[in-house]
Every structure is written in C-alpha cells, then in structure tokens.
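The values are calculated or read from the model by the stated rules, or taken from the named source; none is laboratory data. Please read these numbers as outputs of a predicted model, since none were measured by experiment. Every residue, glycine as well, gets a Cβ built from its backbone with ideal geometry; the counts of neighbours run over all protein chains shown. For the accessible areas, the whole protein counts, side chains as well, though only heavy atoms, and no ligand, DNA or RNA atoms are used. Shrake-Rupley method; radii C 1.70, N 1.55, O 1.52, S 1.80 Å.
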Amino acid sequence: LDGAAQGRSADVPAFGIATQNLENPQLHRRLGLKKGDTGVLIVRVEHGGTADGALVPRDVLHAIDGVAVANNATILYLGRHRTRFEAALTGKYVGDTVSLSITRDQQRLEVTATLRPRVRLVPRPTHDQLPPYFLYGGFVFQPLSEDFLATWNEWWNKAPKEFLFHYYYGFRSNERREIVVITQVLADEINVGY
C-alpha cells in the first residue's frame, strides 16, 4: 500500500535464483571459503530475473544489503526473526537496487542488482487477456501456462506430469524462455494422420 501511494510498481521483486545450503563442511572447503564464512551456493540464475547479469552459478551469496545469509539459507530479519533470505526484499520495489556480497572463483566481491519481478517459465493466471496461440498447418501452438493447465479437472494432479514439472520446477534460461505445446490438431488434408 505504501508503494501504491508512491506510484511504485505493484509487482513483487524476486531474486530469480536456485540455491543450495552450505552446511556441508566439505562443500565449504571445496568452494575455498574461509572459516566463519556463511552463505548459499547459487545453482541456477533465471533469465530476465534480478540476479541475471549480477550472479552466476557457483557464486556464493554471503549478504544482501549487509544482512548476512546463514549456511541454511536464512537471515536474521529485522534483527529478531530467523527466516528465508528472500525476506531481505521485503519493503523493496521493482527498480530498487540491492548490494550483494559474494564469492566468485574464490574472490570476495560486492555487486549490485536492480530488482525485477519474477518471470516464470510457465506463467501464472491472467485475468483479462486472451491466451496467445499460433496456427500453422492445422496445428494450434500455445505457450504452456497455468490457464492452459486449468483445462484439466484437478489440474495440479491430473495434467500431464511433464507439464507439471515445468510448472513447479521450470527455470527460464537464455535458450528456454517458454514451453510451447501443440494444444489441438484441426482436421485438414495437410495433417491427415496426426
């Protein structure tokens, strides 16, 4: 509500990363971290997300705007509450910048990132937009989306499992920005037998 009063974007910023906890001492040593260093290992960076261009896989994220990230992927929020490190974005808006303390190739660095909203591989519901499609040779192509998945009764359980995998775990990359599926084959001479 404070953001709306200031004319800020209503989108919620997200890092767009997948991480691994660093509670394992062997992994700590393998990454060349010093005793007492804490943080999380960056496993994937989502194309178009906040971390895209600022972080790369195998970076270790130690702190966000000076708030230390623990080996179990938590921060001490407001100095009182232990919670997931993503809470460090609370009160920030799309377009704000954050300072990230990282280790890359055993070098300690400070980088900045401009906050962006999460852009998912499989988009979540839209309310006032018709679904996009492409028709070619009697084949109807559509991007995989939650709106499309919802055409199955109890879709979260009965939609094709490969679609659900992309919905829950899919990560956008430079090579894969969306999943496109053939949703219908229209009867025509050109596609007899499909």
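Worth pointing out:
- Full extension of the segment from Val43 to Arg58, taken as 0.36 nm per residue of separation minus the current Cα-Cα distance, would add 4.8 nm.
- Note on Gln184 and Asp11: the model spin-label points, each 7 Å out from Cα along the C-beta direction, lie 3.1 nm apart.
- GNM top mover of Gly95, Gly79, Gly170 - the chain, alpha-carbon springs below 10 Å: Gly79
- The accessible-area ordering, largest first, of the residues Asp37, Asp2 stands as Asp2, Asp37, per a 1.4 angstrom probe.
- Using 0.36 nm per residue and subtracting the Cα-Cα separation, the extra length available between Tyr77 and Thr112 on full extension is 10.6 nm.
- Gaussian network model of the chain, springs between alpha carbon atoms under 10 Å - residue of Leu115, Leu41, Leu31 with greatest fluctuation: Leu31
- Under 5 Å between amide hydrogens, built in the peptide plane, is the criterion, and for Leu121 it picks out Arg172 among residues at least 5 positions away or on other chains.
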